[in-house]
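Notes for the one structure printed next.
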Amino acid sequence: MQFLSFSGDQDEDVTAFLQNVNRIAFTEGRFRDNDWIADYVGACLTGVALDWYARLDEDIERNWRELRIALLQRFMARGDASLAPEPPTATGPLSTTAAPPPLAAPGPPPDRKFQSIAKTGR
């Protein structure tokens, strides 16, 4: 099996590295094996990328989907941030729309006399 190498240097393309990781995972019959791919990527990192990886939260380090996003966020070409995905959150992607205004507090309870007039019409 071929081992790639990614150091995180400025002249390296993280998207090309990730594409090659996917190709190797496919060739090895591990394309859908999230744990295997995450372990494989960890074994391919050197230099600055390995130092960064060593400080990652273990949940990200072991999860290929989250590790891929973290790699893109950290090593994407500095001038091409538009291609970087939004960071994962506990509630989903970040929203760019404003939250709706809070609902108004309920008013006083209706007058019983008014209710009986409304029902009978008198």
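Rundown of residues vs (1) outside any loop (DSSP other than H, G, I, E, B); (2) touching a helix residue (DSSP H, G or I) at 6+ places or on another chain (Cβ under 8 Å); (3) open to solvent by 40 Å² or more (accessible area, probe 1.4 Å), yes/no style:
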position	(1), (2), (3)
20	yes, no, yes
32	no, no, yes
38	yes, yes, no
41	yes, yes, no
50	yes, no, yes
56	no, yes, no
59	yes, yes, yes
Do we find a residue being of a type in the set (S, T, N, Q), touching a Cys at 6+ places or on another chain (Cβ under 7 Å), at negative phi and modelled with pLDDT of 95 or more anywhere in region 45-67? no
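The values are calculated or read from the model by the stated rules, or taken from the named source; none is laboratory data. Quick caveat: nothing in here was measured; it's all calculated off a predicted structure. Here Cβ is always computed from backbone atoms with ideal geometry, including for glycine, and neighbour counts include all displayed protein chains. In case anyone asks, the SASA skips ligands and DNA or RNA and just uses the protein heavy atoms, side chains included. Shrake-Rupley method; radii C 1.70, N 1.55, O 1.52, S 1.80 Å.
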